[in-house]
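Right, one structure below, let's go through it.
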Amino acid sequence: LCQEIAGVLIRRYLVSDSAADVRAETAKGLKERLSCSGRQAQALITLALEIIHVKSYGKYRISPERLEKLIATVGGVAK
C-alpha cells in the first residue's frame with residue numbers, strides 16, 4: 001500500500017506547486033477510501049515518503065523506533 005501511495009505522491013508532486021496541498025489531498029483520499037483516521041492517513045503518507053527515501057538513498061531517514069511507531073499508528077494500536 002505504501003508503495004502505491006509513494007507513486008501517487010510522486011505523480012502529484014510533478015503537477016503541483018505545493019507539497020502541503022499534495023499531502024492534504026492524498027490524506028483526504030486515504031481517509032475516504034480506507035475509512036481511516038487523519039492520523040493514520042498521515043502516518044501512511046510518512047511511511048510512503050520513507051519508501052521513496054530508501055529507494056533513492058538506500059537507507060531510512062528516520063529511526064527504527066519512529067518507524068515502529070508509524071506502523072503502529074497505521075495499524076491503530078499506537079496511542
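The values are calculated or read from the model by the stated rules, or taken from the named source; none is laboratory data. Note that the coordinates shown come from a computational prediction; the quantities given were computed from them, not determined experimentally. Backbone-built Cβ (ideal geometry, glycine too); neighbour counts: all protein chains shown.
Tabulated data for the structure shown
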item: Number of the exception - residue 47 against (1) at pLDDT 95 or above; (2) aliphatic (A, V, I, L, M); (3) more than 18 Å from residue 3 (Cα to Cα); result: (3)
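So that you can scan it fast, the table gives a plain yes or no per residue for (1) of a type outside the set (A, V, I, L, M); (2) at positive phi; (3) touching a residue at least 24 places away in the same chain (Cβ under 8 Å):
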| residue | (1), (2), (3) |
| --- | --- |
| 2 | yes, no, yes |
| 52 | no, no, yes |
| 58 | yes, yes, no |
| 63 | yes, no, no |
